[in-house]
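Heads up: the structure comes next, in structure tokens.
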Amino acid sequence: METQQEQKIIFSAIKPTGELTLGNYIGAVKNWLALQEQYFCYYAAADLHAITVDIAAADLRSRTLDLFAMLVALGINPDKSVLFVQSHVSAHAELAWVLNCCTQFGEARRMTQFKDKSLKGDDKLNVGLFSYPILMAADILLYNAQYVPIGKDQQQHLELARTVAERFNSRYSPTFTVPQGFYPQFGAKIYSLSNPKVKMAKSEDDVNACVFLTDDADVIRRKLRRAVTDSETEIRYDTELKAGVSNLLTIYASVTDTDVLAAEAEFRGKTYAQLKEKTAEAVIERLRPVTERFKKIRTDKAYLAACMKAGAERAAQTARKTLGKVYRKIGLSGG
Ligand code: TYM
């Protein structure tokens, strides 16, 4: 067996701000599962990122447990991968401060997620939301991850992590691995079912826009039946002209482990109603065992607490080493 030194290292995380969506699964977690088979993986519930928006303490507590249990139910193996909660490893916040001081103001200001939120005119936006991608960089760089499995919406943040790593390495000496994003071939961006021009997101107002992994079968059927398509009848993968149909083909292909072109061939000559129905059934089939496992794991508080503790201890060992090295290179006597 390869040792950790020889093996490629993977890092990724998800915010516990709500339930996991089909977009989270297809864009990110599906790759987390595949990479877990070959590489040394660190996966985190990014609870420090979650407090950049208003969230009640009780909600944050229970959503962190929900996310952790869901990741285990989906197949992240806590004995194999290092699965942990970000705030349990204090080095994340500590390295984030150092990296704040290696990031130019203009670089952070260019991040589109921040720009989009600030353009909505909310003057109560906090500074954490602005420096959020720098905390992400700290998450990744602490573990010297080569690959970061994420969806398309996180690509710009990953680019910033690369810039900051390169800057630190050239200012001091080679310290951080410069990470690469790892995206699914299809499904790096799953679109809203009610508006296939925008990302599927948990925060959408329309209840039918987003499938949650905990939705029951009837809800999934209803949401897919109502998915917006177009006024034609032909099923074809064409993201420009047929965004809704292409999104459904992508979802179908992903949850049945085929590719989009094979899905397109399978549905040639079929109706939109058939595409929606078969996609709903495929999603339900994929989620059925997950939902059952989730219910069991989520109620086992002692098991979850033990997993979180073990994961944080393993993560902290690596994280502490990296942070110590960084402090020494900078001249901080805490190293
Ligand atoms: P978050 O919690 O918003 O999303 C988690 C992951 O799901 C992907 N994703 C999608 N992929 C395809 N289609 C969609 N509609 C869709 N919606 C979400 C996201 O790209 C992401 O990979 N800041 C991060 C969490 C984070 C992180 C990190 C990620 C914190 N530290 C370090 C990577 C490395 C976030 O808010 O993701």
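Quick notes
- Residue check, L129 assigned to a helix (DSSP H, G or I), touching a Ser or Thr at 6+ places or on another chain (Cβ under 6 Å) and touching a residue at least 40 places away in the same chain (Cβ under 8 Å): yes
- Cβ pairs under 6 Å, 6+ apart, first in the range 315-335 and farther than 13 Å from L95 by Cα, second of a type outside the set (S, T, Y) and modelled with pLDDT of 95 or more: A315/V82; A315/F84; A315/V89
- P16 modelled with pLDDT of 95 or more, in contact with a Cys (Cβ under 6 Å, 6 or more places away or on another chain), on the phi < 0 side of the Ramachandran plot and not in a helix (DSSP H, G or I): no
- Yes/no for A201 being in a loop (DSSP other than H, G, I, E, B), near the ligand (Cβ under 8 Å from one of its atoms) and at pLDDT 95 or above: no
- With respect to the conditions (1) in a helix (DSSP H, G or I); (2) in contact with a strand residue (DSSP E or B) (Cβ under 8 Å, 6 or more places away or on another chain); (3) more than 9 Å from the ligand (Cβ to nearest atom), A96 falls short on a single one, namely (2).
- Of all residues assigned to the range 186-195, at least one qualifies as being more than 10 Å from the ligand (Cβ to nearest atom), in contact (Cβ under 8 Å) with a residue 24 or more places away in the chain and not polar (S, T, N, Q).
- Just one residue in the set Y252, Y272, Y327 is surrounded by fewer than 18 Cβ atoms within 10 Å (Cβ to Cβ) and aromatic (F, W, Y); that residue is Y327.
- Test: D153 is acidic (D, E), under 18 Å from the mean Cα position of the chain (by Cα) and either within 12 Å of the ligand (Cβ to nearest atom) or loosely packed, with under 15 Cβ neighbours inside 10 Å (or both): yes
- L141 more than 15 Å from the chain's Cα centre (by Cα), near the ligand (Cβ under 10 Å from one of its atoms) and either assigned to a loop (DSSP other than H, G, I, E, B) or not basic (K, R) (or both): yes
- Verdict on G181 being over 19 Å from K15 (Cα atoms), near the ligand (Cβ under 10 Å from one of its atoms), in contact (Cβ under 8 Å) with a residue 12 or more places away in the chain and not in a helix (DSSP H, G or I): no
- Among the residues of the range 268-280, those identified as free of Cβ contacts under 8 Å to residues at least 60 places away in the same chain and closer than 23 Å to D218 by Cα are K270, T271, Y272, A273, Q274, L275, K276, E277, K278, T279.
- V148 meets the conditions (1) touching a residue at least 40 places away in the same chain (Cβ under 8 Å); (2) within 10 Å of the ligand (Cβ to nearest atom); (3) in a helix (DSSP H, G or I) in every case but one. The failed one is (3).
- When Y43 is tested against (1) crowded, with 20+ Cβ neighbours inside 10 Å; (2) part of a helix (DSSP H, G or I), exactly one condition is not met: (2).
- In the range 186-214, the residue that is surrounded by the fewest Cβ atoms within 10 Å (Cβ to Cβ) out of those that are under 15 Å from the mean Cα position of the chain (by Cα) and among the aliphatic types (A, V, I, L, M) is A201.
- Residue match in the range 164-173 (condition: out of contact with any His (no Cβ under 6 Å at 6 or more places or on another chain), among the charged types (D, E, K, R) and without any contact (Cβ under 8 Å) to a residue 60 or more places away in the chain): yes
The values are calculated or read from the model by the stated rules, or taken from the named source; none is laboratory data. Remember, predicted model here, so these are calculated numbers, not experimental data. Every residue, glycine as well, gets a Cβ built from its backbone with ideal geometry; the counts of neighbours run over all protein chains shown.
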